[in-house]
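Chemist: My structure is below; once you've seen it, I'll send some questions.
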Amino acid sequence: MTTYDAILLSSFGGPEGQDDVIPFLRNVTRGRGIPDERLEEVAHHYRYHGGVSPINEQNRQLKAALEAELARRGIELPIHWGNRNWHPYFTDAVREAHEAGHDRLLALVTSAYTSYSGVGQYREDFERALAENDLTDVVSIDRIREYFDHPGFVTPFIEGVSAAVAELSADSADGAGDAVAPDDMHILFVTHSIPSAAAEASGPQFGKGGAYVAQHCAVAHAVSDAAAAGIPWSLVYQSRSGDPRTPWLEPDINDAIVDLAADGHTKAVVIVPFGFVSDHMEVMWDLDNEALTTSVENGLRAVRVPTPGTHPAFVSGLVDLIEERLNDVPAEERPHVTGLGPWPDHGPVGARREKVEAR
């Protein structure tokens with residue numbers, strides 16, 4: 001068995017008031033030299049919701065749910081929570097863990113797929129947090145593997161797609177639309193767009209789009225086969241940002257919706273935000289606002305599937321992943337629902353790194 005002192009719940013972070021919005025966006029775009037007036041163009045997404053991103057409250061709820069599940073299983077590991085871009089920061093969380101006597105940390109990252117922002121940048125965050133606390137030779141941080149195809153992450157989407165298809169197959173309760181036959185539906189599996197070069201770098205051995213696209217396609221196949229066999233689906237993207245001259249993954253979900261409406265055959269879309277673990281700002285704005293509006297404007301019925309959030313299967317699956325590391329479960333015994341998994345573990349950051357590399 002591998003021993004750990006605590007769990008480090010690791011996330012992106014978000015503002016919790018109007019005064020937080022611009023400082024938060026400065027953190028997100030640090031090093032890019034973007035002036036505040038440009039940031040204010042994005043800030044309206046947050047200002048529309050009172051300057052509050054839902055992500056921090058969702059992490060509080062996830063932390064409480066994980067603590068309850070750990071206690072139910074008799075696993076005595078406290079959870080420290082840290083963010084990349086807003087309070088509580090990783091630097092504070094690592095320092096507080098050390099002060100509590102917790103120097104062997106197992107990070108649970110709220111990012112299911114392989115990409116620089118979901119893997120490499122978190123590793124850099126951990127290294128920086130240790131260095132800024134002068135704890136590089138004292139504290140070690142491991143992390144659970146990417147869980148894009150773990151049953152705990154996939155099951156909520158299977159349930160959500162099944163429910164959405166059933167809802168669209170019936171007359172809408174508010175009289176907004178007649179029942180739609182499955183042949184007239186289309187499933188849009190949506191995730192965050194990233195620069196095409198970053199996607200390729202996530203695993204060039206997987207072909208065009210790298211591991212990032214390959215993982216999403218594999219999960220889309222698994223969900224579709226389990227919940228909506230025979231209904232056509234597409235992988236689409238949202239939340240593109242940055243220099244318009246830089247190629248990013250396409251198509252944008254709104255463009256896809258317009259094209260589907262124009263084909264004269266599609267009457268309804270199921271929007272599946274399977275690139276996200278919770279309903280944070282990009283889900284609420286880009287999908288619940290923009291994509292649903294685009295659907296209505298183009299005469300399509302649309303249902304947006306929930307993200308895992310604190311779904312019991314997701315919470316239980318995350319604790320399964322924690323136990324997987326505690327018990328050094330062999331790869332062949334680790335659960336996965338696609339041919340790509342189980343994804344391998346990552347090397348440690350900090351004090352244990354030199355010991356591991358010296359073996």
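Chemist: Quick one: which strands (runs of 3 or more DSSP E) lie wholly within region 1-116 and hold at least 1 residues that are charged (D, E, K, R), surrounded by fewer than 18 Cβ atoms within 10 Å (Cβ to Cβ) and in contact with a Phe, Trp or Tyr (Cβ under 7 Å, 6 or more places away or on another chain)? Give the steps one after another, and end with the answer.
Modeler: Working: elements: 6-11, 79-83, 104-109.
Output list is empty.
Chemist: Among the residues of region 320-359, how many are within 20 Å of the chain's Cα centre (by Cα) and modelled with pLDDT under 95? Before the answer, list the steps.
Modeler: Taking region 320-359 as the starting set, the residues that turn out to be within 20 Å of the chain's Cα centre (by Cα) are 320-322, 335-338, 340-346.
Next cut, modelled with pLDDT under 95 only: 341, 346.
Qualifying residue count, region 320-359: 2.
Chemist: Answer with yes or no whether Gln215 is modelled with pLDDT of 95 or more, within 23 Å of Asp279 (Cβ to Cβ) and either surrounded by fewer than 20 Cβ atoms within 10 Å (Cβ to Cβ) or polar (S, T, N, Q) (or both).
Modeler: Yes; evaluated as a whole, the condition is true for this residue.
Chemist: Right, something else. Could you give every pair whose Cβ atoms fall below 9 Å, whose first residue belongs to region 153-169 and is without any contact (Cβ under 8 Å) to a residue 24 or more places away in the chain and outside the structural domain of Leu318 (by TED's automatic domain parsing), and whose second residue is surrounded by fewer than 16 Cβ atoms within 10 Å (Cβ to Cβ) and in a helix (DSSP H, G or I), counting only separations of at least 6 or pairs across chains?
Modeler: So the pair list comes out as Ser169/Pro182.
Chemist: Another question, then. Is there a residue being in the same structural domain as Asn327 (by TED's automatic domain parsing), in contact (Cβ under 8 Å) with a residue 12 or more places away in the chain, assigned to a helix (DSSP H, G or I) and out of contact with any Asp or Glu (no Cβ under 9 Å at 6 or more places or on another chain) anywhere in region 174-189?
Modeler: Filtering region 174-189 for residues in the same structural domain as Asn327 (by TED's automatic domain parsing) gives none.
Taking every residue of region 174-189 in turn, none turns out to be in the same structural domain as Asn327 (by TED's automatic domain parsing), in contact (Cβ under 8 Å) with a residue 12 or more places away in the chain, assigned to a helix (DSSP H, G or I) and out of contact with any Asp or Glu (no Cβ under 9 Å at 6 or more places or on another chain).
Chemist: Name the residue that is nearest to Asn27 (Cα to Cα), counting only residues in region 109-136 that are charged (D, E, K, R) and touching a strand residue (DSSP E or B) at 6+ places or on another chain (Cβ under 8 Å).
Modeler: Asp125
Chemist: Only one of these is among the acidic types (Asp, Glu) and under 23 Å from Asn289 (Cα atoms): Glu167, Glu200. Name it.
Modeler: Result of the check over Glu167, Glu200: Glu167.
Chemist: Return yes or no: is Gly299 surrounded by fewer than 20 Cβ atoms within 10 Å (Cβ to Cβ), at pLDDT 95 or above, not in a helix (DSSP H, G or I) and not aliphatic (A, V, I, L, M)?
Modeler: yes
The values are calculated or read from the model by the stated rules, or taken from the named source; none is laboratory data. No experiment lies behind these values; they were computed from the predicted model shown. So basically every Cβ, Gly included, is an ideal-geometry build from the backbone, and we count neighbours across all protein chains shown.
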